[in-house]
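Following: one structure in structure tokens, then a few remarks.
The values are calculated or read from the model by the stated rules, or taken from the named source; none is laboratory data. No experiment lies behind these values; they were computed from the predicted model shown. For neighbour counting, all protein chains shown are included, and Cβ atoms are generated from backbone atoms with ideal geometry for every residue, glycine included.
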Amino acid sequence: MNDIKATLTGIVTAIYIWVSAYFGVFTPLLVLTLVAMFCDLVTRIYAAGSSDTEKVESKKVMLGIYRKLGMCMLIFLTLILDSGLTVIAQTLGINVATKIIFTAFTLAWIFVRELISNLENLALAGIDLPKFIVKALNIARDKIDSAADLNVQGGNKDGDTTKTINH
């Protein structure tokens, strides 16, 4: 039993070190984001289970899991974007403050939205929410969007960057 525990501890430690090599100081934010994503699934099931008009359905749970996998893919794609831009910047001799700026903003963006979603699920389940937490998360969401917009120049002639990718 101790061998299994030691092996699992070693594997988890190795994975954390490997992830830390890429995410650096943002590794705790990655972990917290993944935990918030898991909690969102749990609170959604809880909200459905405590509702008189809704029931827990495996199809809806699977759709939630697929959505979370999509968000993980978004994190991975922004990591690829940051890695590519870092290579280009180094090749051109451009100094870059951090090598994962888009990944950091994406993590922060997902993290705050997941927390908001958790609170919405709890509210659907009839849990009273402290207004200051809801307000703080809404402010954080707006600040993250503003900070990311300040760091990304482009878009149309009016400075609107929301329509640069059609989906």
Name every residue in the stretch 2-22 that is surrounded by 10 or more Cβ atoms within 10 Å (Cβ to Cβ) and aliphatic (A, V, I, L, M), in order of residue number. A6, L8, I11, V12, A14, I15, I17, V19
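Do we have any residue at all in the stretch 129-150 that's in a loop (DSSP other than H, G, I, E, B), aliphatic (A, V, I, L, M) and at pLDDT 55 or above?
Looking only at the stretch 129-150, we keep the residues that are in a loop (DSSP other than H, G, I, E, B), and these are 129-130.
Subset that is aliphatic (A, V, I, L, M): 129.
Within this subset, residues satisfying the condition of being at pLDDT 55 or above are 129.
Checked against the condition, which is being in a loop (DSSP other than H, G, I, E, B), aliphatic (A, V, I, L, M) and at pLDDT 55 or above, the stretch 129-150 yields at least one hit.
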Quick one: in the stretch 32-63, of everything that is within 15 Å of L115 (Cβ to Cβ) and surrounded by fewer than 14 Cβ atoms within 10 Å (Cβ to Cβ), which residue is modelled with the lowest pLDDT? V42
Determine which single condition K5 fails, assuming it passes every other condition in (1) within 30 Å of A97 (Cα to Cα); (2) free of Cβ contacts under 8 Å to residues at least 60 places away in the same chain; (3) over 14 Å from the mean Cα position of the chain (by Cα). (1)
Going through the stretch 84-118 in order, the residues found to be modelled with pLDDT of 90 or more, polar (S, T, N, Q) and exposed (fewer than 15 other Cβ atoms within 10 Å of the Cβ) are T91
